[in-house]
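The values are calculated or read from the model by the stated rules, or taken from the named source; none is laboratory data. None of these values were measured; they are calculated from a predicted model. Reconstructed Cβ throughout: ideal geometry from the backbone, glycine too, with neighbour counts over all protein chains shown.
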Amino acid sequence: MGVVPAILSNDPNLLIYPSQIFSTTTQVNDSDFTGSGTTQMLFKLSLSQYSPYLTNTKVEVFNSYFYYNPENNQTLILYNRIQRHSIVKVADFDGDGVSEIFEYRQDGTYHIWKLGEQQFEEIRSGNNVRITDHTISGDFNGDKKLDFLTPDGSESSGWNLYLSDGVGFKNFYYDNLVWFEPSKVGPPRKKRQTNKSYIALDSNNDGKSDVMIFESQLWARDGIFDWNNPDSSFGISRLISDGVDADGKVIFRSVTDYTPVELNQNIETLNFSRYGEHYIPIVGNHILQNKIYITHKTKLISIVFEDVTKSSLINRIYQAGFNTDIKYSQLDDSSQTAPSGLLYPYFQLKMNPNYYMVDRISQDGRKNDFKYKKFIGHLLGKGMIGFYQTARSTVFADGFEDSKIWNGTETDPLNDGNISKQWSIRTNNDNLVFPADISENNTQLLSFKSTGYLSDKLLDGQVVTSVSDTDKPKIVKAVLPNYTKSKDFLTNTITENTFTFGQYYLPTQSVIKVNGGFGITTTKFGYLNNLSGIGKDYYVGRMSARIQEKRPILILTSWLSITPMKITD
């Protein structure tokens, strides 16, 4: 049950009966209308009432689209913008990474709405596009903008393709693309019922939408006692987008994957069943679109199409008589938790079947293994930061897996993905490649190194500690390693290196300490700068001096029977 929104109370075109109102959400779209990398909602609300003229019949008296942003609780009603009986699509139509609302009205005009500061604003309109309930939406040329493919009508093979170019739509006509007939019933003898679904999906993972035609058939067997013994089968064909011609028209290639079959047997095959029920494809915005699912009675069938992403990967390099083979694995960190302290807008991508990583490189029996952990991204402009931890093994041969030494790195996502830790460990246990304790206290390591950074924010050349929203686009960030600490566990040697930076962030001093001061090496640097020079006379950071000072310290213990000696600088 619902109430009439206040904005509609005085609308003379809205007929509300004096009876109970029922509200229903009939359409929900989640997309990024702000460009922030987060999701906002656009939903359609329908109000209905029992008709005073038709017994027990509800009639719709109102519908409108509402926008909601959960970040700031902003709610907008589009009642005075999007008309009641319009067809609405949500997608990016100009390639700027921000979603717009596409409205197709009953008068044959389209209107594109983009979110402004306070409300959705119309940015484009036209009348050279025809949209129907059977229009297929997808990105058919791979330019990251939504296109439309509309059939001429039922029982026709003519189609119109409308490609979005960012400022409008270009129309291309196909007179014999594929026969369009969503459903039909055959002669009474078998009464074959055929249902067809026309679906846009990137079936081969090449970044372009293809058209899948899914056909389900149901019929009665041709026997005197088989009038109530129906069978069923399905078929799949596709129109593969193979790029565009010189005029920009998409080239479609027809492929038949499965043809409906008719068997007079009580058996079950992949696409034949003695149970007379229609096959139903499960489609949607899946992570991996080259795999679809089909339901039939109690069965769930999976169909996998070719994956050009994987087939295009280099898996062998031949050079100078040697073959180098490369093995890949898919990104799957579903069992891993995000690094501590990692909050929005940072995120961990736990699974992406489209993302392949080098898993092993082998050459004439010699192998290198690679491991990855926790892929980190940023939703507000920094994009993909990279893996939180990676490791690479030394070269090993079959039978010598126990000799593997892993060299690992750990990055700091909060510091633009710069390396914060490095280590090496000898193990054949995959669970120990990324130790829980990566520090100088873990005696299972062979070596360890940590790195600290100087991070300054510069506004007009001056270091600042706080930045206003208006100054954020002007900020230049300087990130430089200013401290390292390493430990060699085999010799129990700890080395610390401290860097000091001066004008133009040029290093002016380096201090290396071994075992807390057992040996100290100080190096100072001087530079010549000539910013007013022209051509070859312009230079910054030309080294003019380098002074190195070493201070070894001899420590004698009571049990050493040697004669002390004097050490001079």
Test result for Lys190, closer than 15 Å to Val244 by Cβ, of a type in the set (D, E, K, R) and without any contact (Cβ under 8 Å) to a residue 60 or more places away in the chain: no
Test set (1) under 25 Å from Ser447 (Cβ atoms); (2) surrounded by 14 or more Cβ atoms within 10 Å (Cβ to Cβ) - Ile385 fails condition number: (1)
Count - residues of region 256-279 that are touching a Phe, Trp or Tyr at 6+ places or on another chain (Cβ under 9 Å) and either of a type in the set (D, E, K, R) or surrounded by 12 or more Cβ atoms within 10 Å (Cβ to Cβ) (or both): 14
Candidate set: region 233-242, residues that are farther than 18 Å from Ile301 by Cα and without any contact (Cβ under 8 Å) to a residue 40 or more places away in the chain; chosen: the one surrounded by the most Cβ atoms within 10 Å (Cβ to Cβ): Ile240
Flag if Ser466 is closer than 18 Å to Ile438 by Cβ and of a type in the set (S, T, N, Q): no
Among (1) modelled with pLDDT of 90 or more; (2) surrounded by 20 or more Cβ atoms within 10 Å (Cβ to Cβ); (3) outside any strand (DSSP E or B) - the single one Asn205 does not satisfy: (1)
Criterion (assigned to a strand (DSSP E or B), farther than 22 Å from Phe102 by Cβ and either touching a Cys at 6+ places or on another chain (Cβ under 6 Å) or at pLDDT below 95 (or both)) met by exactly one of Asp222, Asp242, Asp226: Asp242
Flag if Ile101 is in contact (Cβ under 8 Å) with a residue 24 or more places away in the chain, surrounded by 12 or more Cβ atoms within 10 Å (Cβ to Cβ), within 29 Å of the chain's Cα centre (by Cα) and in the same structural domain as Gly158 (by TED's automatic domain parsing): no
Qualifying residue in region 26-36 (condition: within 31 Å of the chain's Cα centre (by Cα) and at pLDDT below 80): yes
Residue match in region 363-380 (condition: small (Gly, Ala, Ser) and either surrounded by 18 or more Cβ atoms within 10 Å (Cβ to Cβ) or touching a strand residue (DSSP E or B) at 6+ places or on another chain (Cβ under 9 Å) (or both)): yes
